[in-house]
Amino acid sequence: MDTSVFKEFTTNINTVDKLNELLTDASEAETTSFASSAKHLSASIKGKVSKKFEEIIRNLEARNELPKSPEDRSKFFEGLKEYLQKLPRISLELAFNPTEKFVNKISNFLKEGSDSTPILDIQVKPNILAGTTIEKDGVFKDYSYTTRLDQILKQKYSQRTNENV
């Protein structure tokens, strides 16, 4: 199956939460595809999925790129869900709850030089104080202030211990 059309669905998807919403929309569209006798799927899913998803489906129908039979549409949506599950993911721990603007800046930075936008799995961990921890493909990097502070305190404690000896 040609997956190039699936990229349309990912233009504004950059977090796990948004990815899960898109997966839910795809499942709803697949289910509705079998249950509806409407000529256009976009009419059947109206109000059941996000407006952006509905708009993409309408555009695909206008370009005749959405399969017409329920069985073929089911394969299309299964392929879409499979494609979405394979998008690269990066786990971030931040000390604060980021704004959407902040998440978009991180996402755009990470997308530079890449064919796809990585999906960010953001966890808020106030105990890291500042900075971030990053995990991608099993590689973990710690840029948190807590780690740096621990290093400084250990060094200071070590110096004091050596002075007292």
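A few comments on the model shown:
- Rounded Å value of the spacing that divides the Cα centres of region 1-35 and region 91-158: 27
- Computed from backbone phi with θ = phi - 60° and the Karplus coefficients 6.51, -1.76 and 1.60, the 3J(HN,Hα) list for region 43-55 is 5, 6, 8, 4, x, 9, 10, 5, 4, 5, 4, 4, 5 Hz; x is used for glycine and proline.
- The protection proxy used here, the mean number of other Cβ atoms lying within 10 Å of each residue, ranks peptides 107-120, 4-17 as follows, highest first: 4-17, 107-120.
- In order through region 70-80: 3J(HN,Hα) via Karplus (6.51 cos²θ - 1.76 cosθ + 1.60), integer Hz, x for Gly, Pro: x, 5, 5, 5, 4, 4, 4, 5, 5, x, 4
- In terms of surrounding Cβ atoms within a 10 Å radius of their Cβ, Y145, Y157 rank from fewest to most as Y157, Y145.
- Rounded to whole Å, sorted largest first: equivalent-ellipsoid semi-axes of region 70-117, Cα gyration tensor: 30, 13, 10
- Global form of region 89-164, assessed from the alpha-carbon gyration tensor, a/c cut-off 1.5: prolate
- Violating pairs (Cα-Cα greater than 26 angstrom) within the set K18/K46; K52/K75; K48/K105: K48/K105
- Sites S158 and N104, calculated FRET efficiency, Cβ-Cβ separation with R0 45 Å, nearest 0.05: 0.60
- The phi-based Karplus calculation (6.51 cos²θ - 1.76 cosθ + 1.60; θ = phi - 60°) puts the 3J(HN,Hα) values of region 104-114 at 5, 5, 4, 4, 5, 4, 6, 6, 3, x, 10 Hz, whole numbers, x for Gly and Pro.
- Residues V139 and E8, FRET efficiency given R0 of 41 Å [Cβ-Cβ distance, rounded to 0.05]: 0.85
- Dipole magnitude of the chain, debye to nearest 20 (Cβ charges: Lys/Arg +1, Asp/Glu -1, about Cα centre): 440
- Residues R89 and K46, FRET efficiency given R0 of 22 Å [Cβ-Cβ distance, rounded to 0.05]: 0.10
- Column: log10 I(q)/I(0), Debye, Cα scatterers of region 4-85, q = 0.18, 0.26 Å⁻¹: -0.67, -1.52
- Positive-end extreme of charge dipole, the chain - chosen from S144, S107, T3 (charges on Cβ): S144
- Taken over the Cα atoms of the chain, the convex hull encloses 137 Å³ per residue.
Just so you know, all these numbers are worked out from the coordinates, no wet-lab data involved. Every value quoted in this text rests on a predicted model; they were computed, and no experiment measured them. For neighbour counting, all protein chains shown are included, and Cβ atoms are generated from backbone atoms with ideal geometry for every residue, glycine included.
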